[in-house]
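Here's the structure we're looking at; comments come further down.
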Amino acid sequence: MNLPIEFCDRMKIMLGKEYEEFLQSFENDIPYAGIRLNLRKENTKKLFEKFYTEDDKIPWCDYGYYTDKEKINGKHPYHLAGMCYFQEPSAMAGVEALSINKEDFILDLCAAPGGKATQAGVKLSDRGLLVANEIIPKRCAVLAENVERMGISNAVVTNESPEKLADRFTDFFDKIIVDAPCSGEGMFKKEPQAITEWSINHTKTCAVRQKHIIDCAYKMLRKGGCILYSTCTFAPCENEGVIDYILSEYPDMELMDTGLDMFSPGNGKWIGTERDMSQTRRIFPHINKGEGHFIAVLKKKGKSEERRIPKTKPKPGTDVGIKLFKEFEKKTLNTDIEGSFELFGDNLYLVPHGIDTDKIKLARAGLHLGIVKKNRFEPSHALVLALKYSDFKNKVSFGAEDPMLNRYLHGETINSDITGYAAVMVDNNPIGWAKGSNGILKNHYPKYLRLL
């Protein structure tokens with residue numbers, strides 16, 4: 001792999017006698033790949049035992065495994081049912097260091113495609129609040145799809161600038177994830193284009209942008225709350241340099257122990273400071289089985305006052321939508337879904353408690369329950385993925401290798417005596433809707449997801 005000369009010169013200075021070993025790690029052009037299990041789903045660990053053993057485990061994530069697409073890929077029913085998420089192994093480490101509580105209000109400020117956001121969302125176990133933001137619309141759409149696929153019900157996906165969010169949500173979040181846009185040095189193997197775009201000036205430009213994003217994150221962080229700052233680059237100006245900026249600009253911020261002692265400590269001397277950076281962590285591919293990454297956790301000193309929960313008025317027509325949904329719920333589900341309902345056009349959402357999204361660009365206002373059409377309610381794909389086996393009155397479950405499940409995923413019907421909506425499942429995990437009449441379950445699996 002042809003690495004930039006200036007990059008190599010800098011890494012020689014940083015690594016000294018370890019440099020040749022670091023360079024050798026690039027000779028294998030295949031990047032490390034990982035898969036993270038969704039513990040919200042039924043029997044996930046047991047079902048994946050046929051693919052992975054203890055030897056495949058990623059040391060810093062209890063439910064992460066090294067993998068390749070020959071074992072399981074994006075078309076596998078387990079993936080389509082949101083039972084797993086493909087994620088680079090190093091990228092799993094940061095959220096593990098954040099010590100998430102189930103009642104936390106969490107913001108992932110640069111969230112696409114959704115790895116860290118969904119990892120945090122699973123830890124919340126449908127409590128608290130997750131706001132996953134992405135400023136680029138196309139990437140935001142991918143983020144929303146991944147949040148939906150993983151069945152996370154308490155998430156709002158926004159498509160806003162950090163400045164807009166900071167003006168709205170001052171002193172609001174308990175935990176903020178800033179997986180900052182960076183020069184991508186750690187992804188040279190995975191994304192060769194990053195090599196052609198790389199320059200010393202590019203790393204400096206990224207550092208300026210990262211500091212601006214941190215300014216916005218600081219404003220939204222409650223006292224006593226924590227920021228996870230991470231990048232996928234080795235560049236000190238984007239890593240220790242940004243941490244030095246935070247500690248200098250905001251004296252009430254302090255570095256915390258990540259607990260990730262298997263990784264290399266940061267070094268303030270690389271940016272010309274005597275400030276202790278040993279609590280930050282850097283992942284080098286010649287030391288750990290993962291691509292390049294940087295991780296730091298910072299806490300805002302003090303104790304916040306009680307959070308102000310905004311009062312919002314339901315949009316016109318919401319009451320009708322709720323009535324139709326509750327009729328559907330009584331016929332179809334064994335659970336009673338409660339919370340704040342909101343109608344956006346014809347789409348009914350269950351909006352997480354404690355957030356006002358008025359005048360905020362949304363890709364997902366919460367859990368999309370379905371569409372209200374005149375005198376009927378059509379459930380969404382998001383709803384079936386957010387529920388569990390016991391929540392459904394009618395269901396049909398197939399093994400992952402069952403030909404009938406494969407036909408369903410291709411858009412075909414299923415023979416069944418069930419009348420009305422039923423959940424189609426893979427090993428007792430919902431994967432889509434079907435609707436029964438006259439001995440046939442008509443296929444309601446989304447057309448854009450059907451296998452070709």
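The values are calculated or read from the model by the stated rules, or taken from the named source; none is laboratory data. These numbers come from a predicted model, not from an experiment. Counting neighbours? That spans all protein chains shown, and the Cβs are built from the backbone with ideal geometry, glycine included. Heavy atoms of the whole protein, side chains included, go into the accessibility calculation; ligands, DNA and RNA do not. Shrake-Rupley method; radii C 1.70, N 1.55, O 1.52, S 1.80 Å.
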- Task: Please give the per residue accessible area of segment 335-452, computed with a probe of 1.4 Å over protein heavy atoms only, in Å².
- Result: 47
- Could you check how much of the accessible area of the chain is carbon and sulfur, as a whole percent, using a 1.4 Å probe? 49
- Message: Once R0 is set to 22 Å, what does the formula 1/(1 + (r/R0)^6) return for the Cβ-Cβ distance between Lys57 and Asp257, expressed as a FRET efficiency to the nearest 0.05?
- Response: 0.45
- Which whole-number value in Å² is the accessible area per residue of segment 204-243, probe 1.4 Å? 27
- Task: Could you tell me how many degrees, from 0 to 90 and to the nearest 10, lie between the Cα long axis of helix 318-332 and the main elongation axis, the longest principal axis, of the Cα atoms of the chain?
- Result: 70
- Message: Expected output is a single nm value to one decimal: the length gained when fully extending between Lys102 and Lys313, i.e. 0.36 nm times separation in residues minus the C-alpha distance. What is it?
- Response: 73.3 nm
- Using 7 Å Cα-to-Cβ label points, what is the Arg275/Tyr448 separation (nm, one decimal)? 4.3
- For Asn28 and Lys388, what does the FRET efficiency come to when R0 = 30 Å and r is the distance between their Cβ atoms, rounded to the nearest 0.05? 0.15
- Query: Hey, what's segment 27-83 come to in accessible area per residue, 1.4 Å probe, Å²?
  - Reply: 52
- Note on the structure: Relative contact order of segment 306-362 (C-alpha contacts under 8 Å, at least 6 apart) in percent is 38
- Message: Output wanted: per-residue J couplings in Hz (rounded whole) for segment 122-127, from phi through Karplus 6.51 cos²θ - 1.76 cosθ + 1.60, θ = phi - 60°, x for Gly and Pro.
- Response: 5, 5, 6, 6, 6, 10
- Each label sits 7 Å from Cα toward the beta-carbon; between Lys374 and Lys46 the label points are separated, in nm, by 4.6
- Projected label distance in nm at Thr196 and Asp167, using a 7 Å step from Cα toward the beta-carbon: 3.8
- How would you classify the chain from its alpha-carbon gyration tensor, with a ≥ b ≥ c the square roots of the eigenvalues: rounded for a/c under 1.5, else prolate if a/b is greater than b/c, otherwise oblate? oblate
- Heavy-atom accessible area order for Thr419, Thr258, largest first, 1.4 Å probe: Thr419, Thr258
